[in-house]
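Colleague: Supplied in structure tokens, the structure appears directly below.
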Amino acid sequence: STVPEVTLNNGIRMPQLGFGVYQVPEDETQRVVASALEAGYRSIDTAALYRNEAGTGRALAESGIPRDELFVTTKLWNTDQGHDAALRAFEESLAKLGLDHVDLYLVHWPLPARDLYVETWRALEKVYAEGRARAIGVSNFHPAHLRRLTEETDVVPAVNQIELHPRLQQQELRAFDAGLGIATEAWSPLGRGNGVLEDPAVTAIAEKHGRTPAQVVLRWHLQLGNIVIPKSATESRIRENLDVFGFELDEEDMAAVEPLETGARVGPDPDTFN
Ligand code: NAD
């Protein structure tokens, strides 16, 4: 299956569907990422927080896949915010991954109460200028945080990676991102066990198309234009989540997902998470 690519605001192309490795234990990561690459994923989403950058890097190296066919994202953890700390954390992530550049480097959370994200962003601008990150972006940023960044710094984030699934559809934030030319990437795209995959509206659409609920939810994202990074440590699901390019939801299906919105998060609220 060929995964479509999204062109980011600096011209870099990013696969619209990738593989997330949050909560994959370090000793399983190499195997799990290897099976994702074997299945055909080329974009991998890790983070310093996940403590599995080294295993991710080993799988990338041993795959033999040319570096320019891979898209590697990692993220700066909260305790490393601040200009110099961010530069040091970036070096560490590169070393663990065994790479000389990443494709996308993200500020993991804005932490507005600490008020360090503008200064942190200047460090990301530096690694971007040096070509050690082909694109830089943010995660969990709300409009107020994005507005400040764009007012006080030079590089507009390429991506905003946010919690987004049928229970939290993020219509306003998606529109705000789009208005600034920022691509929206959905984390916990399947709702991480919050009942979305068992919802009768979703299972009905799945039955209609002879597909699984996870495939329906991923199609919903793709058709909205979201970048998605589903996670699974199970071989069959890793393949299932990539096999979403042979069918389409119709307007009626898309409309049937809309009422699933409850606003309930599976993760923290970016305005108060500290
Ligand atoms: P997800 O929505 O991808 O759900 C993953 C879980 O869903 C799996 O653990 C499994 O239990 C289940 N699942 C996966 N495929 C399935 C299938 N085909 N059928 C049935 N069940 C299936 O949630 P996630 O792991 O939280 O999010 C995905 C990725 O997003 C993470 O791995 C990470 O890379 C990223 N993420 C980023 C942030 C952030 O703050 N930036 C936060 C959380 C996650």
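Colleague: Looking at the range 195-245, which of the residues that are among the charged types (D, E, K, R) and assigned to a helix (DSSP H, G or I) is farthest from the ligand (Cβ to nearest atom)?
Modeller: Checking each candidate, the answer is Lys208.
Colleague: Here's a follow-up. What do you reckon, is Ala61 away from the ligand (no atom under 15 Å from the Cβ) and either assigned to a loop (DSSP other than H, G, I, E, B) or out of contact with any Pro (no Cβ under 6 Å at 6 or more places or on another chain) (or both)?
Modeller: The answer is yes for Ala61.
Colleague: Kindly indicate the residue of the range 34-52 that is touching a strand residue (DSSP E or B) at 6+ places or on another chain (Cβ under 6 Å) and not hydroxyl-bearing (Ser, Thr, Tyr) and also farthest from the ligand (Cβ to nearest atom) among those meeting that condition.
Modeller: Arg42
Colleague: If I filter the range 17-27 for residues that are touching a Pro at 6+ places or on another chain (Cβ under 9 Å), within 15 Å of the ligand (Cβ to nearest atom) and of a type in the set (A, V, I, L, M), do I get at least one hit?
Modeller: Checking the range 17-27: at least one residue is touching a Pro at 6+ places or on another chain (Cβ under 9 Å), within 15 Å of the ligand (Cβ to nearest atom) and of a type in the set (A, V, I, L, M).
Colleague: Taking the range 246-272 on its own, how many of its residues are within 22 Å of Ile162 (Cα to Cα), assigned to a loop (DSSP other than H, G, I, E, B) and not polar (S, T, N, Q)?
Modeller: The total comes to 10.
Colleague: Taking into account only those residues within the range 96-149 that are in a helix (DSSP H, G or I) and without any contact (Cβ under 8 Å) to a residue 12 or more places away in the chain, which is nearest to Asp271 (Cα to Cα)?
Modeller: The extreme case among them is Arg147.
Colleague: Same structure, new question: Kindly indicate which of Glu185, Glu240, Glu248 is of a type in the set (D, E, K, R) and surrounded by fewer than 14 Cβ atoms within 10 Å (Cβ to Cβ).
Modeller: Details: Glu185 fails: surrounded by fewer than 14 Cβ atoms within 10 Å (Cβ to Cβ); Glu240 fails: surrounded by fewer than 14 Cβ atoms within 10 Å (Cβ to Cβ).
The conditions single out Glu248.
None of the figures in this text is laboratory data; all of them are computed from the coordinates on show. None of these values were measured; they are calculated from a predicted model. Counting neighbours? That spans all protein chains shown, and the Cβs are built from the backbone with ideal geometry, glycine included.
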